[in-house]
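To keep things clear, I will list the structure first and then write my remarks on it.
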Amino acid sequence: MKEALSARAALAECRYAPDRLVPVLGEKWIPCERRCLPSARRFVRDVAADWGAAVDVPEVAELLVSELVTNALTHGAAGTHAIRVTVSREEELLVVDVHDTCPVLPRLRLASPLDLSGRGLAIVQTFSHDWGWTVTPYGKSVWFQLIAWPRSGEPIAVR
């Protein structure tokens, strides 16, 4: 019950909700196996490049989706067969969602210099325009946004 209340409180802070009516540029289901991580990275990079995202956006999106898919494989995909990755566009934003079946919300950790893991969400927070998560009927979606198609004269800024 306490986790459900925490999830609802966290959801109230989210500004973005996946699965809204926005143009989906691509969707990929990958098996819950580490060997499939490169496929997810290539998919997101290629979709961003194919749709003419700004310089460096395909590579940054590739890095960030790698972190989210790794987290889904490590923490959220136990007992499931697949992870869904969607790439969509909301005005100037490229939005990437990684869906898994685990309802436990991700948490940002402060990794020590000697820790071998625990930096993924910090990387996503640092390099994305915005990021967050949403509980879905089937688990959760962890997402990030990048300014990929800036309006003319608008600087590209990371929060």
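No value in this document is a laboratory result; all are computed from the given coordinates. None of these values were measured; they are calculated from a predicted model. Here the Cβ positions follow ideal geometry from the backbone for every residue, glycine too, while neighbour counts run over all protein chains shown.
Please give me, ordered by residue number, the GluC sites (Glu not before Pro) of the range 45-96 that lie in loop per DSSP and have at most 15 other Cβ atoms within 10 Å. Each step should come with its number before you reach the end.
Values: sites: Glu59, Glu62, Glu67, Glu90, Glu91, Glu92; in loops: Glu91, Glu92.
The qualifying sites are Glu91.
Give the peptides 138-150, 45-57, 24-36 in descending order of average Cβ contacts within 10 Å, highest first. Write out the running numbers ahead of the final one.
Details: 138-150: 21.1, 45-57: 16.9, 24-36: 14.9.
With the highest mean Cβ count within 10 Å placed first, the list reads 138-150, 45-57, 24-36.
Please compute the length gained on full extension between His81 and Asp50, using 0.36 nm multiplied by the number of residues separating them and subtracting their Cα-Cα distance. Spell out each step's value before the answer.
Details: separation 31, 0.36 × 31 = 11.16 nm, distance 2.83 nm.
So the extension gain works out to 8.3 nm.
Set the Förster distance to 30 Å, then compute FRET efficiency between Tyr138 and Glu92 from the Cβ-Cβ distance, nearest 0.05.
Rounded to the nearest 0.05, the efficiency is 0.55.
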